[in-house]
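Before any comments, here is the structure.
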Amino acid sequence: MSTSPTLAAPTTLRHARILGLGGYRPERVVTNEEICRYIDSSDEWIQQRSGIVTRRFAREDESVIDMAEAASRQALDRAGLEAGQIDAILVATVSHPYQTPAAAPSLAVRLGITDPAAIDISAACAGYCYAISLANDMVRAGTADHVLVVGVEKLSDFTDKHDRGSAFIFGDGAGAAVVGVSDTPGIGPTVWGSLGDKYDAITQREAWTDLRPAMEEPGRTEAISWPSFVMQGQTVFRWAVFSMAPVAKRAMEAAGITSADLGAFVPHQANMRITDAMVKALDLPEHVPVARDIAETGNTSAASVPLAMSRMLDEGEAPHGGLALQIGFGAGLVYAAQVVVMP
Ligand code: UT7
């Protein structure tokens, strides 16, 4: 019996970091007044319960890929890299309107990247932090030298504007990061997980396949209901408030740092009250700036962490090269947290 040859494999792990970060916010600002034309609510209630003052909605003809392209170009520019240097693309999204093919290969074509590994990741509001963890592992293991990570959503396409429980929460946008080789560790260990038994806490209302019988009804004339995203707000709120601060703490412990070392805290922009509760539970020192991008951007799911971090860097609120604790959590239910060195 012949013995198999030993496979070639990289022998040493490398370090990885975020080399550049970019963001894209659609032009159209949507006020709470506009949202309240379709639901029985008020600007005051929305601001008090969620912290949202305005959000952005993409144009009808503006796609997830358009927004991802704009954020990616900025991230590449800031990383000082040509698109051709990217060898893998991970797009975190739950609102690319095609089940298949994924958004990532089309994004590659837009950016002029020839033949990269390119996939989408479905991890809702934790998608970007999941993708950063995977990109870190890919660079560290030598699978790729430069990974483009994008969090992008056009949630306005999947929001039922008549649903009081969710119509005011969601917004559109894109954030992108280029992850590459580093001399020192730039992405700490990820603490992540999932609670699949809570799958119905935030979900598309019907499966695509549930529309089939209606489509096939002979002589049907009424419109088919659209499978929007719906949410058991309180269930998600309680889970986030009680369970996510311990996850964030574990991410800091895993990275070997304390909250006093942080240059920024960037939680998923789900609700300003969730952010406030986490800040309290983590007992964050006063000097640590906290992302509060939700006020003007709403909840952009996978895009929220990179959009919030790029705003903090752009406005000089967070220091380039400082440490940020980032955490994403959402439909699944899934979550992921890690400490990163900001570019
Ligand atoms: O990104 C993925 C993760 N998502 C999240 O983390 C979202 C988590 N959940 C939330 O952010 C909050 O649950 C919401 C902002 C969605 C809702 O806030 P809440 O404080 O949990 O409100 P509630 O559902 O407990 O409702 C409180 C009251 C109720 O009235 P009563 O029963 O106290 O008289 C609701 O009927 O507010 C009423 N209500 C509203 N009033 C005006 C519910 N929705 C509305 C509304 N406008 N849109």
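The value of relative contact order for the chain, using C-alpha pairs under 8 Å at least six residues apart, is 25 percent. The Cβ shell under 14 Å around Ala336 holds other residues with a net charge of 0, Lys and Arg each +1, Asp and Glu each -1. Each residue, Ile119 and Thr31, gets one label point 7 Å from its Cα in the Cβ direction; the gap between the two is 4.6 nm. Summed over qualifying helices (DSSP H, 4 residues or more, each -39500 (n - 2.57)) and divided by its residue number, the chain shows a 222 nm mean residue ellipticity of -9000 deg cm²/dmol. Put a dot 7 Å past the Cα of Asp261, heading toward its Cβ, do the same for Ala207, and the two dots end up 4.5 nm apart. Amide hydrogen proximity for Ala118: with H placed 1.01 Å from N in the peptide plane, the residues at 5 or more positions away or on another chain lying under 5 Å are Ile89. Working note: Karplus 6.51/-1.76/1.60 with θ = phi - 60° gives the stretch 194-211 the couplings 7, 10, x, 6, 9, 4, 8, 5, 9, 7, 4, 4, 10, 6, 3, 5, 5, 7 Hz, where Gly and Pro are set to x.
If we count every other residue with Cβ under 12 angstrom of Val139's Cβ, Lys/Arg +1 and Asp/Glu -1, where does the sum land?
Around Val139, the charge tally is 0.
Dipole of the stretch 15-182 computed with +1 at Lys/Arg Cβ and -1 at Asp/Glu Cβ about the Cα centre; of Leu148, Ala117, Asn136, farthest Cα towards the positive end is Asn136.
The phi-based Karplus calculation (6.51 cos²θ - 1.76 cosθ + 1.60; θ = phi - 60°) puts the 3J(HN,Hα) values of the stretch 331-337 at 3, x, 6, 9, 8, 7, 9 Hz, whole numbers, x for Gly and Pro.
Less than 13 Å Cβ to Cβ from Gly127, Lys/Arg counted +1 and Asp/Glu -1: what total charge do the surrounding residues give?
On the way: positive: none; negative: Asp120, Glu153.
Charge balance in the 13 Å sphere: -2.
From most to least packed by mean Cβ count within 10 Å, the peptides 26-39, 313-326 give 313-326, 26-39.
Remark: the stretch 60-74, residue by residue, has Karplus-estimated 3J(HN,Hα) of 4, 8, 9, 9, 4, 5, 4, 5, 4, 4, 4, 5, 5, 4, 5 Hz, where x stands for each Gly or Pro and the curve is 6.51 cos²θ - 1.76 cosθ + 1.60 at θ = phi - 60°.
Compactness of the chain was expressed as the Cα radius of gyration divided by 2.2 N^0.38 Å, which yields 1.00.
Taking N as the residue count of the stretch 210-282, its C-alpha radius of gyration divided by 2.2 N^0.38 Å amounts to 1.87. Note on the stretch 226-293: dipole from Cβ charges, positive end direction compared against Ala264, Phe242, His287; the farthest Cα belongs to Phe242. Within the stretch 15-182, the proportion of C-alpha pairs whose separation exceeds 19 Å stands at 55%.
Rule-based calculations on the coordinates, nothing more; no lab input. Remember, it's a predicted structure, so these values are computed and weren't measured experimentally. Note: ideal-geometry Cβ built from the backbone for every residue, glycine included; neighbour counts use all protein chains shown.
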